[in-house]
Protein chains: 4
Amino acid sequence: MADRLRIAVLGASGYTGADLVRLALTHPRIEITALAANAKAGQTMAQIWPHFAAYPSLPTLVKADAIDLSDIDAVFGCLPHAASAELLSTITDTRIIDLSADFRLKDAATYADWYGGAHPAPSLLSEAVYGLTEFARDALPAARIVACPGCYPTAVLLALLPLVAAHAISAERITVNALSGVSGAGRSLKEANLFPEVAEAVHPYGIGRHRHMPEMEQELSLRAGRDVTISFTPHLIPMNRGELVTCIVETQHGPDYLRELLADAYAEEPFVHLLPEGVAPATRMVRGSNHAVVSVFADRVPGRAIVIAAIDNLVKGSSGQAIQNFNLMFGLPETMGLEQAPIFP
Amino acid sequence: MADRLRIAVLGASGYTGADLVRLALTHPRIEITALAANAKAGQTMAQIWPHFAAYPSLPTLVKADAIDLSDIDAVFGCLPHAASAELLSTITDTRIIDLSADFRLKDAATYADWYGGAHPAPSLLSEAVYGLTEFARDALPAARIVACPGCYPTAVLLALLPLVAAHAISAERITVNALSGVSGAGRSLKEANLFPEVAEAVHPYGIGRHRHMPEMEQELSLRAGRDVTISFTPHLIPMNRGELVTCIVETQHGPDYLRELLADAYAEEPFVHLLPEGVAPATRMVRGSNHAVVSVFADRVPGRAIVIAAIDNLVKGSSGQAIQNFNLMFGLPETMGLEQAPIFP
Amino acid sequence: MADRLRIAVLGASGYTGADLVRLALTHPRIEITALAANAKAGQTMAQIWPHFAAYPSLPTLVKADAIDLSDIDAVFGCLPHAASAELLSTITDTRIIDLSADFRLKDAATYADWYGGAHPAPSLLSEAVYGLTEFARDALPAARIVACPGCYPTAVLLALLPLVAAHAISAERITVNALSGVSGAGRSLKEANLFPEVAEAVHPYGIGRHRHMPEMEQELSLRAGRDVTISFTPHLIPMNRGELVTCIVETQHGPDYLRELLADAYAEEPFVHLLPEGVAPATRMVRGSNHAVVSVFADRVPGRAIVIAAIDNLVKGSSGQAIQNFNLMFGLPETMGLEQAPIFP
Amino acid sequence: MADRLRIAVLGASGYTGADLVRLALTHPRIEITALAANAKAGQTMAQIWPHFAAYPSLPTLVKADAIDLSDIDAVFGCLPHAASAELLSTITDTRIIDLSADFRLKDAATYADWYGGAHPAPSLLSEAVYGLTEFARDALPAARIVACPGCYPTAVLLALLPLVAAHAISAERITVNALSGVSGAGRSLKEANLFPEVAEAVHPYGIGRHRHMPEMEQELSLRAGRDVTISFTPHLIPMNRGELVTCIVETQHGPDYLRELLADAYAEEPFVHLLPEGVAPATRMVRGSNHAVVSVFADRVPGRAIVIAAIDNLVKGSSGQAIQNFNLMFGLPETMGLEQAPIFP
């Protein structure tokens, strides 16, 4: 496997880590060299993940500090926030794709406000590239640290960035309603995530204070050249994968103009698709794939439009986008390893 | 069963009809006298409904015109719109609780706009009482025709009526995001409602043009004394029962004031409950029951608040509220037959 | 509430405890006097159970030893095995309905083999009545301790007891395949019970060694007057409630004879229903109710028949049957508080 | 695409047709040349399938007779039985991989018994190769017509063929309990397949008379060199994909010997995996992939063992195995286009 890039995945015992391994397994230029998960070091992937039962040759899990980084071309960080920056900040020579929240915010004070503690490595914040791939292509080839966006920000930014950049919608009156599958809550042991608590049910959470808010506002404001605020309410729904955001925006232009902006922005994109007029985004359009779908609808209320986007939270919202960024960092074709069509039903 | 009121259910082959029968079965003052479903006349309820397997003594389904109405105290209409008004308008002496959309709108022209055809019995529109029970108690005892609200309007109106009545929120900038279980789509044969199309998936529908909009605006405007408009986007989620509405409102008052208004409105209500501060409504709080839960949250964006409500779409959103109205029409205790606690998990 | 019997529920923080409270809430002769859950003492039921959000007046949870038993007519034990017997054996004057496994097996050695430790109170084993209600009616009125059957045994015994009693099926060649909803796994924090691990998936568990086996064989053997052995394989399927057992039996009689035996056994039963020929039991027939449905089918293979039963694991398989037993213990009508029809969809 | 084999898919509007297209899309040696679905001719795949929203360049659906077969290297038949043989029997020069039941049974009379009518093209039955790939490798390269096994037979035969071939289990006493996701019921419009009818529920179907029985017995008997009979009871469970079969067998050998037989049979197989001792097959191990997992367990009852297998019914149970057969028919690597790892959660 001489022509393969050697990767390490830190945090391979979580859903994003596992989905990264799933995708990396069939990536023609990746060799999965090391897998770390401190609490489960010594176990095989097949022991902790049912879907790797047929892959006994995957590396056994080790503790993160047991990995010889001199042997690694890229580190994927799939750790919880804070733990991620603490560990990754000790890596100085290897390129890093981080899937945690730790390198997304540019401002250490904002981080401290929202994540409940001082940033473990604030000096790295300016170096990190915010890896919403479609808007980061110029910076990725030279990046050493790439911060993959959160799942909600990925969907919301794909829906809205071209619109705020063109000043086509009001920056003050954006209302986003978001729906996520339960894998977004991670594999940690909480009563609230047991099957019987979630199945046949729906509830909102993080109302008015979800941690993905500052990240969305940071990127929208940056692109708009002015402060953008959003109301954001996420809900947990009984499905494994998938995320759908419904954005009510105010606009002096009609929905057709917003459509044009999105059409222009995504005409050449391999993974972001503006749906035909009248077709509503649905998570089943993208399940298991790196695709995102967006669309625009007129609202009955004059002066408003509805912009909707759907992604798979674990793929385009996390591990798939990480691979997409990796490809660009290492000069590979952007779609390599991500060609799988969505799985339905 | 001399002390029982004799009821007929028209449309007993649909989900709302079946849930009405489920509740009526244990109502101490109801005798289920006749069940109609034209396409399935001649079959038993146990043949068309699995959950009535243990109830072989339920009346066999007949065609609606085979029912001797002189024998019936109350007719429950569980038919599709238009068909409902056509049939019910031929009934002149029996009291009617209609669960269809046909008698909800006061204006026949609005009905024609939204329901795609002239109203079959426009002269009855003024007579019908809009049966959101908590706000219709005065009119119910004397009502001959009660129009039960749609499921979405029930949830939205319970969340917002006390607020618009007090002019505490902007009438122009209400954004409602709604989530419904699949039973809301009815038992009709559509590819889109097959299990594999809906499970592990979510999508919006009726975007910017759902038929429950004019009904919500009619009632909100009536109560506000001025025109109220709302943006309303419903989504179908993979669960059987339940409905949750998330309303982003603009207000010059804080969320505490909105809470107080709801607390005052619902302090004595047996079925509508303001949750403690910080507790988010969830459909699992009300599953299978006639309860509704509401709550108010501050938004990060100044001048906004988030009002959320959850109901079981088939019970408080349909058949349960119909029984609740029936109770008041006939001078029975309001909660009779509706005492079941929510079922969880 | 002078005419009400005062009950205490020990273990009100588990699914069976909660479902017992749900049913007891509308039981006309029960007053819920005390609720215990050591780990959650001090919290309200509404704080730990979403579906009790509308019931703020339920007793606050206390530690079990804080309950004044002199004030209690009946104790419902909803604790894990071993813990249950340890606690309940200290109660000497109050009547006990135990939902744990601790008083089901008559033989302390068998208990030790299967439950991994000596029985905490072996002297009580002979006193306890095995409370499969339909077959325990004579013993219940005088019973001080009633051991409610496990959920799987309830379904299997209802399907097979009349057949083994009549020696109509082979005692050596019974194969039972069982399917259970996830609530059967309890509310404990295990990775395996997280929503994403269970949804859209199925797997067998406890293969060849599930703890409900000795209980089933004990009761079948007792009724048959000879040793009965069964092969039993349970599977966890992605639903909240419900249990279905498919029993392949060998018989020298045809399926019609087996049907007759079941028809005779259950002709007068309020909760156990032999379905019409050709109608297959389904969990949706009984969801949320105390009903059980059974049926018999011919197999293509000569000399075999297929007997199938379905129950709601939390109701007839647990809390509902506990109430049914309670009713008979205290001379109340057997169906009191259990009249709810199944909920569908 | 000169080096690509041109395929036509007949019946692209069903779940198996769609999953074939999903897999073919990323197969490096396939060009999807024509897609037929008579009732939906003229529509695009994106119009009838949400997950092809991002694939607007797929061929538009045509009627089957509009396809120029001279241009096609292989035809995949994804039509209902009878319709399949009728249409495919008119194709004389093109190689055919049929996913229907029409060419699986060798005996036209058995077909007529089970499928309710004379076989449309009995002369082709002897020509067709039964394409359980792992046991058909010799015949596939020269085959003109390959009949892909049914989903249940695929799982059952992978579990049992090596055991009956070695005469290690009783041929008369095999009991199979099977569980399938709802996609197995197809995309046809039946009330019974609506989401609310299936979700949160389970039921058996085709009890004692499922059409996959004769197919299983044919292949088992052929391999055993004597008549094999099985009791087979399938159940529909609330998930999209996946199939699990639990086989209770009688054996004079211990489970270890059965394990050895399976280990020998599948040691070199890329898609069939014997799990480590004690690990139970689960559908989540194979979801979305062409893998099958099998395992053997001791039963408590002496002389019995439990053999369990899991597959994805749409992949190894249908479209994936069709591609696997296609690969061998055309001299391609067996795993080509089937490398995707299972998707979890």
Taking every residue of A:207-217, the Cβ atoms of other protein chains inside 10 Å of its Cβ average out to 3
Tell me, what ³J(HN,Hα) does each residue in region D:168-184 have, in order and in whole Hz, if you take phi through Karplus 6.51 cos²θ - 1.76 cosθ + 1.60 with θ = phi - 60° and put x for Gly and Pro?
8, 10, 4, 7, 9, 10, 10, 10, 10, 10, 10, 10, 10, x, 6, 4, x
Under the classification rounded if a/c is under 1.5, otherwise prolate if a/b is larger than b/c and oblate if not, where does region B:52-156 fall, given a ≥ b ≥ c as square roots of the Cα gyration tensor eigenvalues?
prolate
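Roughly how big is region B:152-313's charge dipole about its Cα centre, with Cβ charges of +1 (Lys, Arg) and -1 (Asp, Glu), in debye to the nearest 20?
340
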Classified through the alpha carbon gyration tensor (a ≥ b ≥ c as square roots of its eigenvalues; rounded if a/c is under 1.5, else prolate when a/b is larger than b/c, else oblate), the protein assembly as shown comes out rounded
Among D:Pro56, D:Pro153, D:Pro238, the residue with the largest mean-square fluctuation in a Gaussian network model of chain D built from Cα contacts under 10 Å is D:Pro56
Going down the table (B:Lys190/D:Lys40; D:Lys40/D:Lys106; B:Lys40/C:Lys316; D:Lys40/D:Lys190), which pairs top 22 Å between alpha carbons?
D:Lys40/D:Lys106; B:Lys40/C:Lys316
Which residues in region C:55-78 place their backbone N less than 11 Å from a point set 7 Å from the Cα of C:Asp93 along the Cα-to-Cβ direction?
C:69-72
Based on the mean of other Cβ atoms within 10 Å per residue, sort peptides D:305-317, C:317-329, D:212-224 so the most packed one is first.
D:305-317, C:317-329, D:212-224
Most positive-pole-ward Cα, A:Ala265, A:His253, A:His203, against dipole of region A:152-313 from beta carbon charges:
A:His203
Accessible area expressed per residue, region C:1-131, with surrounding protein chains retained (probe 1.4 Å, Å²)
38
Quick one: pull the percent of accessible area on the protein assembly as shown belonging to carbon and sulfur, 1.4 Å probe, ligands and nucleic acids left out.
51
When the charge dipole of chain A is computed with +1 on Lys and Arg Cβ and -1 on Asp and Glu Cβ about the Cα centre, the Cα farthest towards its positive end, among A:Ile323, A:Ala128, A:Thr233, belongs to A:Thr233
Taking amide H atoms as placed 1.01 Å from N in the peptide plane, list the residues 5 or more away in sequence, or in a different chain, whose amide H sits under 5 Å from that of C:Gln43.
C:Leu61
For the rotation that brings chain D onto chain C, whose beta-carbon in chain D is nearest the axis, and what is that distance in whole angstrom?
D:Asn177, 2
State, as an integer percentage, the relative contact order of chain A based on alpha-carbon contacts under 8 Å between residues 6 or more apart.
17
What whole number of Å gives the distance from the Cα centroid of region B:72-144 to the Cα centroid of region B:20-34?
21
Taking placed amide H atoms and a strict 5 Å upper bound, the residues 5 or more places from B:His203 or on another chain that come that close are B:Leu236
Considering every residue in A:239-247, what mean count of other chain Cβ atoms within 10 Å of its Cβ is obtained?
6
Using the crude model of +1 on Lys and Arg Cβ and -1 on Asp and Glu Cβ, and no other charge, please compute the dipole size for chain C relative to its Cα centre, in debye to 20.
560
Shielding of A:277-289 by partner chains, average beta-carbon count, 10 Å:
6
Of A:Ala139, A:Leu5, A:His51, which is farthest on the positive side of the dipole of chain A, counting Cα position, with +1 on Lys and Arg Cβ, -1 on Asp and Glu Cβ, and the Cα centre as origin?
A:His51
Along Cα-to-Cβ, 7 Å out, sits the label point; list in nm, shortest first, how far the one on D:Gly278 is from those in the other copies.
4.4, 5.0, 6.0
Between chains C and B, the summed loss of accessible surface on complex formation, probed at 1.4 Å and reported to the nearest 100 square angstrom, is 2700
Karplus (6.51, -1.76, 1.60) ³J(HN,Hα), θ = phi - 60°, over region C:92-103, in Hz, Gly and Pro reported as x:
10, 10, 9, 6, 10, 10, 9, 9, 7, 7, 5, 10
Under a 5 Å amide H to amide H cut-off, with H placed in plane at 1.01 Å, what residues pair with C:Val293 once short-range neighbours are removed?
C:His273, C:Ala310
Whole-Hz ³J(HN,Hα) from phi, Karplus 6.51 cos²θ - 1.76 cosθ + 1.60, for region B:76-85, glycine and proline x:
9, x, 10, 9, x, 4, 6, 4, 5, 5
Which value, in Å², gives the accessible area per residue of region D:152-313 when a 1.4 Å probe is used on the protein heavy atoms?
27
Using a label point 7 Å beyond Cα on the Cα-Cβ vector, give me the inter-copy distances for D:Glu172 in nanometres, one decimal, shortest first.
1.2, 8.6, 8.7
Reported to the nearest 10 Å², C:Arg95 has, with a 1.4 Å probe, an accessible area equal to 50
Using a label position 7 Å from Cα in the Cα→Cβ direction, what is the ascending list of nm distances from A:Asp68 to the same site in the other copies?
6.0, 7.3, 9.4
Charge tally in the Cβ shell below 11 Å around D:Val62, where Lys, Arg are +1 and Asp, Glu are -1, D:Val62 excluded:
0
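The values are calculated or read from the model by the stated rules, or taken from the named source; none is laboratory data. Remember, it's a predicted structure, so these values are computed and weren't measured experimentally. For neighbour counting, all protein chains shown are included, and Cβ atoms are generated from backbone atoms with ideal geometry for every residue, glycine included. In case anyone asks, the SASA skips ligands and DNA or RNA and just uses the protein heavy atoms, side chains included. Shrake-Rupley method; radii C 1.70, N 1.55, O 1.52, S 1.80 Å.
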